[in-house]
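Written below as structure tokens is the structure these notes are about.
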Amino acid sequence: MAFGGFERGHAPAQPMAEINVTPLVDVMLVLLVIFIITAPLLARALKLDLPRADAPPAMVQPQTIQLSIDAAGGLRWNAEPVDGDQLVARLAAAAREMPQPELHLGADKAARYEHVATVLAAAQKAGLKQIGFVTEPPAAQGASR
């Protein structure tokens, strides 16, 4: 099992003892040229004389409404208790605001889905577009055991 060159002849095949570094040198030279060309472009910045203009203030972030439903079906609007009629009126008023506030709905684990569905229907009927559900992340598996 001899490793050798491609020559054929009467001499016994001898192992090739040298490494061909020509492809390595070619690649390194190409990389060197690329770095030489791109290095000045990275260090140089364009100096621009930009015009000054008065811009309107940035868009105001919409407020968030924290609406929570307890296990008995009671409603709280930003920690203030409300009943069904007050909820409909407040949702309608919130839907008319610009920008429209975000409704963050959190329901107790034991709350009936009927209460959640009623609140969602009222929010949709009022015209609220951004509704999010608030949940708690699961506890660490090792901590609960």
Exercise for the section: Please verify whether the range 76-83 includes one or more residues that are in a loop (DSSP other than H, G, I, E, B) and closer than 20 Å to residue 117 by Cβ. Expected result: yes
Handout entry: Flag for residue 125 being part of a loop (DSSP other than H, G, I, E, B) and among the charged types (D, E, K, R)
Key = no
Practice task
Can you give me the number of residues within the range 80-111 that are among the charged types (D, E, K, R), touching a strand residue (DSSP E or B) at 6+ places or on another chain (Cβ under 9 Å) and over 16 Å from residue 65 (Cα atoms)?
Solution key: 1
Handout entry: Selected residue [open to solvent by less than 100 Å² (accessible area, probe 1.4 Å), at pLDDT 90 or above and small (Gly, Ala, Ser)] from 2, 95, 11, 53
Key = 95
Practice task
Please list, ordered by first then second residue, the pairs with beta carbon atoms under 9 Å, 6 or more apart or interchain, first in the range 15-31 and at positive phi and basic (Lys, Arg), second at pLDDT 90 or above and open to solvent by less than 90 Å² (accessible area, probe 1.4 Å).
Solution key: none
Practice task
Just need a number here: residues in the range 33-50 that are open to solvent by less than 90 Å² (accessible area, probe 1.4 Å) and not small (Gly, Ala, Ser).
Solution key: 4
Fill in the blank from the handout: Checked the range 59-75 for anything under 18 Å from residue 96 (Cα atoms) and open to solvent by 50 Å² or more (accessible area, probe 1.4 Å); matches are 59, 60, 61, 63, 64, 66
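The values are calculated or read from the model by the stated rules, or taken from the named source; none is laboratory data. The shown structure was predicted, so the numbers you read here are calculated from the model rather than taken from an experiment. Quick reminder, even Gly has a Cβ in these numbers, built from the backbone with ideal geometry, and neighbours come from all protein chains shown. Please note that ligands, DNA and RNA were not included when accessible areas were found on the heavy atoms of the full protein model with its side chains. Shrake-Rupley method; radii C 1.70, N 1.55, O 1.52, S 1.80 Å.
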